[in-house]
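Some notes on the structure that comes next.
The values are calculated or read from the model by the stated rules, or taken from the named source; none is laboratory data. A quick note: this is a predicted structure, and the numbers were derived from the prediction, not measured. Note that we place each Cβ from the backbone using ideal geometry, even for glycine, and neighbour counts take in every protein chain shown. The protein model used for the area step is the full one, side chains on, heavy atoms only, and it has no ligands, DNA or RNA in it. Shrake-Rupley method; radii C 1.70, N 1.55, O 1.52, S 1.80 Å.
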Amino acid sequence: MNEPNSSIAAAGSDTRSDEAGESTTTSPIWGGRFARGPSAIMEDINVSIDFDCRLIRQDVRASKAHAAMLATCGIISQADSAAIVAGLDLILAESETGQFVPTRALEDIHMNVESRLAVLSGEAAGRLHTARSRNDQVATDFRLWVRDTIDDLDRALIRLQAVLIDRAEQHADWIMPGFTHLQAAQPVTLGHHLLAYVEMLGRDRGRFTDARRRLNECPLGAAALAGTSFPIDRRQTAAALGFDRPAANSLDAVSDRDFAIEFLAAAAILTTHLSRLGEEIVIWSCEQFGFLRLSDDFSTGSSIMPQKRNPDAAELVRAKSGRIIGALTGLLIVIKGLPLAYAKDMQEDKEPVFQTADTLMLCLAAMTGMMETAAFDRARMRAAAERGFPSATDLADWLVRVKGMPFRRAHHAAGSLVRLAEGVPCRLEELTLVQMQSVEPSIDASVFDVLGVERSVESRTSEGGTAPANVRAAAAAARTRFLSLST
């Protein structure tokens, strides 16, 4: 068997000397139209093998489906199809062992595979590209890759949701302050807080699932832009590759990058959720809050301050959102001015998608590890929940419910009692009945049944509320809704 580099030489490039030092090697794929090859600068700006080599599995899979269809339709012989498929299988095996090493001289992964196939399968290899263009080939490979990646991301999201649900069940009755404007507002439970992120991640999974459904149309058979005169069966290749149907319009099939943009849009929303959780970890782990302690696995130290424990993993998850949001913006700008059908600008679609997928997988793994190993401080959270008169809303609600006050009057009375407690100073539940009645005479001793953080939390029994019993039921429901599902 030839070595990988010798397969490139066998592809049949036309090479001449050039005293100016420019390339004189024309492409074996399209060089027949040209008298000389592109300059080194042109080769550098044109080449995509450095990143699209990641599409090799999808390229081999799509090419096998195309070869099988060509044979079924009588466009090539069954013997040629079998030789092509055998060669493609060997190329994939070689790529997995490192024997197949793509070269930049052949621009992209598609040409590298075709060149190697010519060595392995002989003349039959030259029949593979019948009724196909690189335009519909690339569009198909890329859709397959994005679809596979969405499935991988869904599994990673399930793992993070599972950890958050586990922690929510463990801490269903651990009281902490709930915030608005980053000011203590009402007491909630830690379990309730964590389940909020489970819901966010569930919506993220839904967005990726929707994107997957929309992208699941097969471009193969659109050829360069107008379809083909060969009697192909596009439904056969679509079914073989797991697509729901062939793309309906050949122009749209090769020029559409909605699926890549929608993937990045869903990724951008997901990364904002991860960033928000990362921000809370940063805040909660600082000494001034002390709500949690990250494990050593996800903390770093300082080169000068020996006492430091820095939440770098959470900070980096927060920071990487900028990279993903930037990828979405970048691709939107690339696509916005392109006329139909294909333009080389579209080569810029893959790197932001590949980089976003890598970044998301890393951030999800880091967040899952942080949440799985973090140690929460129950006493610190409860003490923080008691600051800032968190029972004030419960007091106002009691005045409405028990004394029949209009809420605005009750709100005013509760605010006046907060001002009184601030002046003492004491918590609301530490005011005497006489002190309370000096502000609102209708108050009686039963008011103390609703004051205090435990009573406040336990009273929030409305659907979706923070009462510990609600949290346990919500965690069980989330386990059924989210963890029993997969793409």
ask   = Of all helices (runs of 4 or more DSSP H) completely enclosed by region 318-425, which ones contain at least 1 residues that are open to solvent by 50 Å² or more (accessible area, probe 1.4 Å) and outside the structural domain of E440 (by the TED database)?
value = 350-373, 378-386
task = Quickly run through region 238-250 and pick out the residues that are closer than 25 Å to K344 by Cα and either β-branched (V, I, T) or open to solvent by 60 Å² or more (accessible area, probe 1.4 Å) (or both).
result = A248, N249
message = If R387 satisfies all but one of (1) closer than 30 Å to P311 by Cα; (2) without any contact (Cβ under 8 Å) to a residue 40 or more places away in the chain, what's the number of the condition it fails?
response = (2)
request  = Confirm whether L117 is at pLDDT below 95, outside the structural domain of G221 (by the TED database) and open to solvent by less than 30 Å² (accessible area, probe 1.4 Å).
outcome  = no
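Go through A226, A222 for me and flag whichever is of a type in the set (A, V, I, L, M), more than 17 Å from F142 (Cβ to Cβ) and part of a loop (DSSP other than H, G, I, E, B). Spell out how you get there, then give the answer.
Details: A222 fails: more than 17 Å from F142 (Cβ to Cβ).
Criteria check complete, one pass: A226.
To keep it simple, each residue is scored yes or no on (1) within 36 Å of the chain's Cα centre (by Cα); (2) crowded, with 16+ Cβ neighbours inside 10 Å; (3) at pLDDT below 95.
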| position | (1), (2), (3) |
| --- | --- |
| R427 | no, yes, yes |
| D449 | no, no, yes |
| V453 | no, yes, yes |
| A467 | yes, yes, no |
| N470 | yes, yes, no |
| A473 | yes, no, no |
| A477 | yes, no, no |
| T480 | yes, no, no |
| S484 | yes, no, yes |
message = From the list T130, T189, exactly one residue is in contact (Cβ under 8 Å) with a residue 12 or more places away in the chain, surrounded by fewer than 22 Cβ atoms within 10 Å (Cβ to Cβ) and among the polar types (S, T, N, Q). Which is it?
response = T130
ask   = For region 133-143, does any single residue satisfy the condition of being outside any helix (DSSP H, G or I), outside the structural domain of R460 (by the TED database) and crowded, with 22+ Cβ neighbours inside 10 Å?
value = no
key: Members of region 69-111 that are open to solvent by less than 40 Å² (accessible area, probe 1.4 Å), under 19 Å from D141 (Cβ atoms) and small (G, A, S)   = G87, S95
request  = Could you grab me the full set of residues in region 162-190 that are assigned to a helix (DSSP H, G or I) and more than 14 Å from W284 (Cβ to Cβ)?
outcome  = A162, V163, L164, I165, D166, A168, E169, Q170
note = Of (1) closer than 19 Å to V138 by Cα; (2) at pLDDT below 90; (3) open to solvent by less than 60 Å² (accessible area, probe 1.4 Å), T26 fails just (1)
message = Name the residue that is most open to solvent (accessible area, probe 1.4 Å), counting only residues in region 284-316 that are without any contact (Cβ under 8 Å) to a residue 12 or more places away in the chain and in contact with a strand residue (DSSP E or B) (Cβ under 6 Å, 6 or more places away or on another chain).
response = N310
query = Can you tell me which residues in region 167-179 are closer than 14 Å to T466 by Cβ and free of Cβ contacts under 8 Å to residues at least 40 places away in the same chain?
reply = F179
note = For region 452-468, the count of residues that are outside any loop (DSSP other than H, G, I, E, B) and touching a residue at least 12 places away in the same chain (Cβ under 8 Å) equals 7
message = Being small (G, A, S) and either free of Cβ contacts under 8 Å to residues at least 60 places away in the same chain or surrounded by 22 or more Cβ atoms within 10 Å (Cβ to Cβ) (or both) is the filter here; which residues of region 193-227 pass it?
response = A196, G206, A211, G221, A222, A223, A226, G227
inquiry  = Let me spell it out: the conditions are (1) crowded, with 17+ Cβ neighbours inside 10 Å; (2) under 24 Å from D345 (Cβ atoms), and I281 meets all of them except one. Which number is the exception?
reply    = (2)
